[in-house]
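Submitted below is the structure of interest, expressed as structure tokens.
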Amino acid sequence: VKARERMPEQMAEQLARIHAIDYLKQSLAFLPAPRPGLSPAQEAIMQIREALGALNIQNPALEFGLRWAEQHAPACDTLTLVHGDFRLGNLIVGAEGLNAVIDWEFAHLGDPLEELGYPCMRDWRFGMGHLRLGGLSDREPFIAAYERASGRSVDRAAVDWWELCGNLRWAMACLTQTHRHLSGADFSVELASLGRRSAEMQLEVLHLIEERGL
């Protein structure tokens, strides 16, 4: 119980520390970054479109979500180091709360607000859908803790956008994994089952657009 109560603030504090890292001084400028002329949001949309195109997938729900995302993409004033997969599944937790952040293979330079929306995706709530932050708590205490720790003022609408984008990305990733099975490259019941998970993310995207007035 103690760990659960402390986690939202601890997660926010760790994100603030990650985003404060000077990636130039730490020789991290080699990490993936938005292409010239693209914002982090536009780069994210482009990557999803490219992945779907490589699979030759035409999906009405994903296309609707991507079009909406393009029309409402938030600006980003400053790039920071971004973990890229910051969620409960990539945190080591002990009795006192957060002990470590693991799995950095998706680290890149981008919009720090991406990391505030991503852990709030419904798929990371583990059956506790009413608790928006990973099934632990409401989202607002987490964002407020991040503002205190980082000194940044957070645009909640931009966080909403990044949550929706996270669902689009995960829907695409599930289809990519399923293709590994369907193509015969890697037969796996687990990979095959991810196609259904993609449908769940597609529905969540539509719900986010409709129910929250995004």
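The values are calculated or read from the model by the stated rules, or taken from the named source; none is laboratory data. Given the structure is predicted, the values throughout are model-derived calculations rather than measurements. All Cβ positions, glycine included, derive from the backbone under ideal geometry; neighbour counts span all protein chains shown. Heavy atoms of the whole protein, side chains included, go into the accessibility calculation; ligands, DNA and RNA do not. Shrake-Rupley method; radii C 1.70, N 1.55, O 1.52, S 1.80 Å.
Please identify the pairs in which a residue from the range 171-189 that is more than 24 Å from L66 (Cβ to Cβ) has its Cβ atom under 7 Å from the Cβ atom of a residue that is outside any loop (DSSP other than H, G, I, E, B), counting only partners at least 6 apart or on another chain.
Correct list of pairs: H181/L191; H181/A192; D186/R180; F187/H181; S188/H181.
Of all the residues that make up the range 190-212, how many are closer than 14 Å to W68 by Cβ and in a helix (DSSP H, G or I)?
The number of residues fulfilling the criteria is 9.
Here is a follow-up. When the range 83-117 is examined, which residues are found to be in a strand (DSSP E or B), in contact with a helix residue (DSSP H, G or I) (Cβ under 6 Å, 6 or more places away or on another chain) and either open to solvent by less than 10 Å² (accessible area, probe 1.4 Å) or closer than 24 Å to R197 by Cα (or both)?
Answer for the range 83-117, where residues must be in a strand (DSSP E or B), in contact with a helix residue (DSSP H, G or I) (Cβ under 6 Å, 6 or more places away or on another chain) and either open to solvent by less than 10 Å² (accessible area, probe 1.4 Å) or closer than 24 Å to R197 by Cα (or both): G97, G110.
Which of the residues spanning the range 118-146 are assigned to a helix (DSSP H, G or I) and either more than 24 Å from R17 (Cβ to Cβ) or in contact with a Cys (Cβ under 7 Å, 6 or more places away or on another chain) (or both)? Spell out the reasoning first.
First, the residues of the range 118-146 that are assigned to a helix (DSSP H, G or I): 118-120, 122-124, 139-146.
Those that are assigned to a helix (DSSP H, G or I) and either more than 24 Å from R17 (Cβ to Cβ) or in contact with a Cys (Cβ under 7 Å, 6 or more places away or on another chain) (or both): R122, D123, R139.
If we scan the range 23-31, do we find a residue that is under 17 Å from the mean Cα position of the chain (by Cα), at pLDDT 95 or above and open to solvent by less than 30 Å² (accessible area, probe 1.4 Å)?
no
Can you name the residue in the range 123-144 that is open to solvent by less than 10 Å² (accessible area, probe 1.4 Å) and aliphatic (A, V, I, L, M) and, of all such residues, is nearest to L88 (Cα to Cα)? Please lay out each step first, then the result.
Kept after step one, since they are open to solvent by less than 10 Å² (accessible area, probe 1.4 Å), are these residues of the range 123-144: 125, 133-135, 142-143.
Next, from what is left, pick out any that are aliphatic (A, V, I, L, M): 133, 143.
Details: L133: 9, I143: 16 Å.
Result: L133.
Could I ask something else about it? Output the residues belonging to the range 172-208 that are aliphatic (A, V, I, L, M), touching a Gly at 6+ places or on another chain (Cβ under 8 Å) and closer than 19 Å to R125 by Cβ.
Listed by number, the residues that qualify are V205, L206.
Across the range 113-133, what is the number of residues that are in contact (Cβ under 8 Å) with a residue 60 or more places away in the chain and not acidic (D, E)?
5
Within the range 144-158, can one find any residue that is touching a Leu at 6+ places or on another chain (Cβ under 7 Å), more than 23 Å from W68 (Cα to Cα) and modelled with pLDDT of 95 or more?
The answer is yes, given that some residue of the range 144-158 is touching a Leu at 6+ places or on another chain (Cβ under 7 Å), more than 23 Å from W68 (Cα to Cα) and modelled with pLDDT of 95 or more.
Can you tell me which condition I57 does not meet? The list is (1) open to solvent by 20 Å² or more (accessible area, probe 1.4 Å); (2) closer than 25 Å to E147 by Cβ; (3) not in a helix (DSSP H, G or I), and all the others hold.
(2)
On the given criteria, is E5 in a helix (DSSP H, G or I) and under 29 Å from S198 (Cβ atoms)? Walk me through it before giving the result.
Values: in a helix (DSSP H, G or I): yes; under 29 Å from S198 (Cβ atoms): no.
Answer is no for this residue.
Out of the residues in the range 32-42 that are assigned to a helix (DSSP H, G or I) and open to solvent by less than 70 Å² (accessible area, probe 1.4 Å), state the one that is nearest to H83 (Cα to Cα).
P40
Here's another thing I want to ask about it. Out of the range 56-87, which residues are modelled with pLDDT of 95 or more and aliphatic (A, V, I, L, M)?
Matches in the range 56-87: A61, L62, L66, A69, A73, A75, L79, L81, V82.
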